[in-house]
Amino acid sequence: FWGLLVTIRSVSDIIGTLYFGNRPAPHRPGLRIFAGNFMLGLGIIVLGLVGLFAPPTHMLAGLMLAAAIAALGGPMQDILGATRRQTDRPRADLPAAVRAFMTVNSAGLLVTLAVAPSVFDAIGIPAAIIACGGIALAIGAVGFTRFLRAA
């Protein structure tokens, strides 16, 4: 069961990486970056909804679909984010930019892992998963809308 989920997530991530990694950077990369957040959030929400509502006979297929959707969002944002971090800064600032990114990313993960048990106890695991997906989806929607309006 777990192996199938990891496999479909990995395959979807590879397909997304091959597709988005071989496309030229868009004129407005923020649109694709935040669309990636939206896809990630959508996949996570579907993951939580499957856990709540899917009958046991459809659980594996639903979780695999959710993992595939969420995994497509990663390359949409990661490739452009890394490229921009490396090309939009003066060469001398690149190490500081990478360190700042890694610090903020790790701090966010630390806080999330620290509060997760309390959140799981308070609202339950499926609801917490849906809430986390909702946050990612909202970030994606707001960012996408902002960059779309700036066009």
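The values are calculated or read from the model by the stated rules, or taken from the named source; none is laboratory data. Here the structure is a predicted model, which means the values were calculated and not measured. Here the Cβ is made from the backbone with ideal geometry for all residues, glycine too, and neighbour counts use every protein chain on show. Protein only, heavy atoms only, side chains kept; ligands, DNA and RNA dropped before computing areas. Shrake-Rupley method; radii C 1.70, N 1.55, O 1.52, S 1.80 Å.
Please work out which one of (1) open to solvent by 50 Å² or more (accessible area, probe 1.4 Å); (2) among the polar types (S, T, N, Q); (3) under 24 Å from M39 (Cα atoms) is the condition S118 fails and give its number.
Failing condition for S118: (3).
Any residue in the range 51-79 that's modelled with pLDDT of 90 or more: show its pairings with residues that are open to solvent by 50 Å² or more (accessible area, probe 1.4 Å) and not in a helix (DSSP H, G or I) at Cβ separation under 8 Å, as long as the two are six or more apart or on different chains.
L60/F1
Restricting to the range 1-30, what's the tally of residues that are within 11 Å of I79 (Cβ to Cβ) and of a type in the set (G, A, S)?
3
Only one of these is of a type outside the set (D, E), touching a Gly at 6+ places or on another chain (Cβ under 6 Å) and closer than 26 Å to I125 by Cα: L40, L52. Name it.
Only one candidate qualifies: L40.
Going residue by residue through the range 121-131, is there one that turns out to be under 30 Å from F53 (Cβ atoms) and of a type in the set (D, E, K, R)?
Taking every residue of the range 121-131 in turn, at least one turns out to be under 30 Å from F53 (Cβ atoms) and of a type in the set (D, E, K, R).
For the list (1) under 26 Å from V142 (Cβ atoms); (2) open to solvent by 40 Å² or more (accessible area, probe 1.4 Å); (3) under 17 Å from the mean Cα position of the chain (by Cα), I need the number of the one condition that V6 fails.
So the condition that V6 fails would be (1).
Just one of A96, A82 is open to solvent by 40 Å² or more (accessible area, probe 1.4 Å) and farther than 26 Å from L5 by Cα; which is it?
Answer to the selection: A96.
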